[in-house]
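The values are calculated or read from the model by the stated rules, or taken from the named source; none is laboratory data. The structure displayed is predicted, hence computed values, not measured ones. A quick note on method: Cβ atoms are made from the backbone with ideal geometry, for glycine too, and the neighbour counts reach across all protein chains shown. Quick note on the areas: whole protein, heavy atoms, side chains included, nothing else; ligands and nucleic acids left out. Shrake-Rupley method; radii C 1.70, N 1.55, O 1.52, S 1.80 Å.
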Amino acid sequence: MAPADATAKKSSGASGTTVLAIWFFLNLLITLYSKAVFSIHKFPYPLLMTAVHIVCTSIGVEVFAMAGMFEPAQLDLNGWVQIVKFSFVFTLNVWLSNASLMAVSVALHQVVRSSTPVFTIVLTWMLFRKTYPFSVLPPVLCVCLGVALTVRSTPTWTVFGLAITLAGTCMAVLKGIATQQLQVGSMKLSSIQLLQCLCPLAIVELLALSAAFGELGAVIVDENLTWTTGMHLLGIGCVACALNLVSFKVSGLVSVLTLNIAGNVKQVATCVLSVFIFGGSLGFQLLCGIILASVGAFWYGIESRKLKATVGGADKP
């Protein structure tokens, strides 16, 4: 290998590691920060919290566009129809994630969200009649057992909280499926182009929903809100913006398997840190549930990667 090529490869690897570390930190931060704003700073408005996320992300994306860091999408009428349809899934996904984080503990939220393989198998069969090989069944069962142990060891969960967390996980899978269709179909949009198109629509939808559900009226007369709360909302909006932009960058620098490993390490770290920050006990059963769900999700990622490699080429190492 030529010295220039070796230097370039080393630089690319270092860049990927740095961006992955930033992605990991931002993922960890946004979950714990959102829970703190909901529970410690008494901001029980998940729709408006989500709107803050999207407004800040939209501003960041437009700054990137004005700086010439990507080409804005050129869509025809049919393309915009598809974007509008997708915007409802996008909005519901972020809203349900925030609402469930407010309704249940961080540990339960993270572990239930790791059950995406179960929803992926069910929804891909329902929508596309696609079946998976038997090799994915053991990791899926491992995830289910981990979720069950976590639910059983979480004394403060409610049926409503668990239901909305499961609904949010299902919506996250639907969003992933729809995103893939838009990115690999005829439109071929990048993640950041999708964000540029989606954010304005999502803001309108979230404000309409917040007015319909009474959040907008309630926040106007809420005497508990302070400038400190406002600063924290701005801070979490900036974190959400940074995470969305870094997520776009990191997917081009590291493999899906590496992201899968980092995501599962992040999940365990979030669960453990949440116990120390928000109180509670990290009992043996809860710890087993977290580890089982994380191992199952990681195992499922490996099996999925093997399946993709046999069908249409391997992912980058």
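The protection proxy used here, the mean number of other Cβ atoms lying within 10 Å of each residue, ranks peptides 26-33, 112-119 as follows, highest first: 112-119, 26-33. Taking 0.36 nm per residue of separation and subtracting the Cα-Cα distance, full extension of the segment from V204 to T228 would add 6.1 nm. Geometric descriptor of the range 55-163, per residue, is 168 Å³ (volume of the convex hull of the Cα atoms). Measuring only protein heavy atoms, the 1.4 Å probe finds I192 accessible over about 0 Å². Where the accessible area of the range 100-247 is counted over protein heavy atoms with a 1.4 Å probe, how much of it, in %, is carbon and sulfur? Looking at the range 100-247 in its full context, I get 71 percent from C and S. The trypsin sites (Lys or Arg not before Pro) of the range 23-96 meeting both criteria, a DSSP state outside H, G, I, E and B (loop) and at most 13 other C-beta atoms within 10 angstrom of the site's C-beta, are K42.
Between the beta carbons of M126 and A163, assuming R0 = 30 Å, the FRET efficiency works out to 0.95 to the nearest 0.05.
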